[in-house]
Amino acid sequence: MSRLQAEHLYMVFGRRPKDAVRRLQEGADRDELRAEGTTAAVIDASIEVDEGQIFVVMGLSGSGKSTLLRTLNGLLEPTAGTVRFDGQDLTSLSAKELRKVRSEKISMVFQHFALFPHRSVLENAAYGLEVQGLPRAEREKRAYQALELTGLKGWEKSWPDELSGGMQQRVGLARALATDADLLLMDESFSALDPLIRRDMQDQLLELQKTLKKTIVFITHDLNEAMRLGDKIAVMRDGRIVQIGSAEDILVRPANDYVASFTQDVDRTRVLTAGAIMTGTDEVLGTTAPDGKKIATLDDFLAAAPAVVGADTPIVDLFTPCSVSTVPVAVADKAGKAIGAVRADRLLAALGEGDDQPAAVVPGPAADAAPADKLVKSAAKDVQKDAVADAPEDNDPEGKVSAGA
């Protein structure tokens, strides 16, 4: 169910913004308007965000992503278009009504923490509740709970300048969670953090989302972060949304060369899933397992398969099982029923760049997969080496998930 809808949003700065919108709708160029002293920051942007979804908006600096975010909660009044949350048109509210919605239903997590230096960690986390007018005991109770959720239990009486960057951002996240807002808007919230701490924060957000199931709009310029976090991703360029889709859609079916250029350095093994490259089970039935037994039924296939995985399993986890048997890896639904198979040759084909349909690059029956097994074994070793190289050493505190990260 869609909770947040933005329809045909325009955000224009400068002279005669309404006239600029009309000209844009008639086909005027953004650069043409800029030459006249008018900036079209957002042009005809429409999105829908479902309940419990992390919707990521990504693009380079100047693409309009942060401006779009600020129109969603009314910090900027769009020049044209509408924003609805839970069916309520935010663009039609008075300033007083909008402040009430923002204080009760919408929380924002900024890139640069935005903590009050003269307030303790607890007081910062409780600030949104203070704005709502809650009694001190109630807001401190909820702030304590939010700080515990974000791994900051025991730091409540500390001051912001006593915390690391990662810890300060956790306070910002706790402040947003303490209000129990239905919608979280996160503007480059992890971009200022070191890579290891940034990944830790991404992990924590995903873990919290499993239980809290908030509706989140997350802004980033990093496609790897977008693909790691986003249930859906919108790619922006020059104020326009050029593509909306899942991580797999963006990677496998880019809308244009601009989007494709973003995906060149993405680790496909961690984005593509078993469901994206699997074939039907018909190719497996009737074949012979290594032990000489015939695979006549789906149950036979499940028993003979080197591994049984879910459709959302990243293909990085399929290299090892694909390398140890000529029987494909089985893909099963939540009920345990086989719904597909992943062969070694199709796994290798999925690693190719620029294929519209990587799963269909290498056709042929399951028996043809055997020669690919050696290549998959080599790939599996490379993946394992990369995993070891990326893993932090035991004595490296930066690599550990802790309150100090």
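Rule-based calculations on the coordinates, nothing more; no lab input. None of these values were measured; they are calculated from a predicted model. Because the Cβ atoms are built from the backbone with ideal geometry, glycine has one as well, and the counts that use them run over all protein chains shown.
Using alpha-carbon positions, what is the distance between the centroids of region 128-172 and region 285-327, in Å?
Computed from Cα coordinates, the inter-centre distance equals 49 Å.
Given contacts defined as C-alpha pairs under 8 Å and at least six residues apart, what's the relative contact order of the chain, whole-number percent? Before the final figure, lay out the partial values.
On the way: 768 pairs, mean separation 60.8, N = 405.
15 percent.
To the nearest 20 Debye, how big is the dipole of the chain about its Cα centre, given +1 on the beta carbon of each Lys and Arg and -1 on that of each Asp and Glu?
My answer is approximately 1080 debye.
Would you mind checking the pairs K294/K337; K96/K157; K210/K334; K105/K153 and listing those with alpha carbons more than 23 angstrom apart?
Where the Cα-Cα span goes over 23 Å, the pairs concerned are K96/K157; K105/K153.
Using 0.36 nm per residue of separation minus the Cα-Cα distance, give me the extension gain between K210 and R136 in nm, one decimal.
Residue separation times 0.36 nm, minus the Cα-Cα distance, leaves 23.7 nm.
As a test of the definition: which semi-axes, in Å, follow for the chain when you take the square root of five times each eigenvalue of its alpha carbon gyration tensor? Largest first, please. It would help to have the intermediate numbers written out before the result.
Numbers: eigenvalues 372, 163, 72 Å².
So the three semi-axes of the chain are 43, 29, 19 Å.
What are the extents of the Cα atoms of region 192-250 along their three principal axes, in Å, largest first?
Reported extents, whole Å, longest axis first: 31, 26, 19.
What translational D, rounded to a whole number of µm²/s, comes out for region 96-208 from Stokes-Einstein when the hydrodynamic radius is the Kirkwood one over Cα pairs, at 25 °C and 0.890 mPa s?
Taking Rh from Cα pairs, D becomes 176 µm²/s.
Once R0 is set to 45 Å, what does the formula 1/(1 + (r/R0)^6) return for the Cβ-Cβ distance between Q88 and L60, expressed as a FRET efficiency to the nearest 0.05?
It comes to 0.90.
What number, rounded to the nearest 500 deg cm²/dmol, is the helix-based mean residue ellipticity at 222 nm of the chain, given -39500 (n - 2.57) per DSSP H run of at least four residues and division by all its residues?
Taking each H run of at least 4 residues, the total per residue is -11000 deg cm²/dmol.
Take the alpha carbon gyration tensor of region 43-120, find the square roots of its eigenvalues, order them as a ≥ b ≥ c, and report rounded if a/c is under 1.5; if not, report prolate when a/b exceeds b/c, else oblate.
Oblate.
Output the peptides 178-188, 321-331, 286-296 sorted from most to least packed, where packing is the average of other Cβ atoms within 10 Å over each peptide's residues. If you can, show how the numbers build up before the last one.
On the way: 178-188: 21.5, 321-331: 23.3, 286-296: 12.6.
Final packing ranking: 321-331, 178-188, 286-296.
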